[in-house]
Amino acid sequence: MLSSSTCSPSFRQVMNRGGLVRLAGAHSPLGAALVQETGFDAVWASSLEISAARCLPDASLLTMTDYLAAAAQIQASCSIPVVADVDTGFGGNMNVAHMVREYERMGITAVCIEDKHFPKMNSFVDRGQLLLDADAFCSKLQVAKSVQESPEFYLIARTEALIAGMGTDEALRRCKMYADAGADAVLVHSKAKAPSEVQEFLAAWDGRVPVVIVPTTYPDWHAEDAHRAGVSVIIYANQALRATVQAVSSTLKLIREKGTSTPVEDEIAPMAEVFRLQKLQEWTALDS
Ligand code: SPV
Ligand code: MG
């Protein structure tokens, strides 16, 4: 049997194992295969990555159908759960309900929805971020929980309060409301160069649901230290995408410049490695 058809545990099952849960971003099954085999617990189907793979800004330009197709392809290909980045839920309450039903139907066991307005802009883009009123976002969360079919389905509520410069107290106020509205975990996002505001948040957090972080701009904070400070889930959201951009660009530059690929041959994956990731042997065995 093809091993790509193995079942994945749900994200909730992974959370129930206890300990720190680590995710890395991907936009394709190939990227997800690398996430899985390097030992991450789940794949982050990143809106930034999925948009960037289409050479488009992460600005609600793609539709729910686009994001769902990418997440579902990833989930179908690997045996760790996908946490789908669903931005704002693609609109209002009705869009959120539709989103939950469609994602669940395609085998996605966890989604992360954020409290920005639709259309949203990536959190690291340097322009003001407008947040939805906290009560309106709670209403989205309640709708999401009310339509989920499986008790396994896991809802992460992400606040952009720190990204919008609203401070730790507002992030705490919102996250408490989101947890009380039914979120299974909260994600507190920050674009600060140091983890101090996230640490301040964690010191005051009462632990009513687990906390998720995305340490893109404060990469020096070691995962174990973050875990000791109260973090349950860490998402390395875009490092794989950035590695790809850099590696492909410098490889192509060298080939173009030197007129031969000899200088890069030792740096790039051999064809055998590509075949291994494609599970070529398992496929060809079907033909024997
Ligand atoms: C993503 O990876 O799409 C995220 C994380 O939402 S970030 O880009 O850091 O906002
Ligand atoms: Mg995103």
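Annotations
- Output for the stretch 121-132, where each listed residue is open to solvent by less than 30 Å² (accessible area, probe 1.4 Å) and within 16 Å of the chain's Cα centre (by Cα): Asn122, Ser123
- Test set (1) more than 25 Å from Arg228 (Cβ to Cβ); (2) assigned to a loop (DSSP other than H, G, I, E, B); (3) open to solvent by less than 40 Å² (accessible area, probe 1.4 Å) - Val209 fails condition number: (1)
- Inter-residue pairs, beta-carbon under 6 Å, first on the phi > 0 side of the Ramachandran plot and in the stretch 211-230, second open to solvent by less than 40 Å² (accessible area, probe 1.4 Å) and assigned to a helix (DSSP H, G or I), 6+ apart: Gly230/Leu202
- Residue count for the stretch 233-246 satisfying the condition of being open to solvent by less than 50 Å² (accessible area, probe 1.4 Å), away from ligand 2 (no atom under 15 Å from the Cβ) and part of a helix (DSSP H, G or I): 0.
- Residues of the stretch 41-70 that are open to solvent by less than 60 Å² (accessible area, probe 1.4 Å) and either more than 12 Å from ligand 1 (Cβ to nearest atom) or charged (D, E, K, R) (or both): Asp41, Ala42, Glu49, Asp58, Met64, Asp66, Leu68, Ala69.
- So Asp66, is it under 21 Å from Val186 (Cβ atoms), in contact with a helix residue (DSSP H, G or I) (Cβ under 8 Å, 6 or more places away or on another chain), touching a residue at least 12 places away in the same chain (Cβ under 8 Å) and not in a strand (DSSP E or B): no
Table: residues versus (1) surrounded by fewer than 19 Cβ atoms within 10 Å (Cβ to Cβ); (2) at pLDDT below 95; (3) farther than 28 Å from His227 by Cβ.
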site: Cys112; (1), (2), (3): no, no, no
site: Pro119; (1), (2), (3): yes, no, yes
site: Ala144; (1), (2), (3): no, no, no
site: Pro151; (1), (2), (3): yes, no, no
site: Arg158; (1), (2), (3): no, no, no
site: Arg173; (1), (2), (3): yes, no, no
site: Tyr178; (1), (2), (3): no, no, no
site: Gly182; (1), (2), (3): yes, no, no
site: Ala192; (1), (2), (3): yes, no, no
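- Taking the stretch 78-87 as the range and being surrounded by fewer than 22 Cβ atoms within 10 Å (Cβ to Cβ) and either within 13 Å of ligand 1 (Cβ to nearest atom) or among the hydroxyl-bearing types (Ser, Thr, Tyr) (or both) as the test, only Ser79 passes.
- Candidate set from the stretch 267-288 (those that are farther than 26 Å from His27 by Cα and not in a helix (DSSP H, G or I)); member that is farthest from the chain's Cα centre (by Cα): Ser288
The values are calculated or read from the model by the stated rules, or taken from the named source; none is laboratory data. These numbers were taken from a predicted model, which means no experiment stands behind them. Every residue, glycine among them, receives a Cβ derived from its backbone with ideal geometry; neighbour counts consider all protein chains shown. The area values use the complete protein model at the heavy-atom level, side chains included, leaving out ligands, DNA and RNA. Shrake-Rupley method; radii C 1.70, N 1.55, O 1.52, S 1.80 Å.
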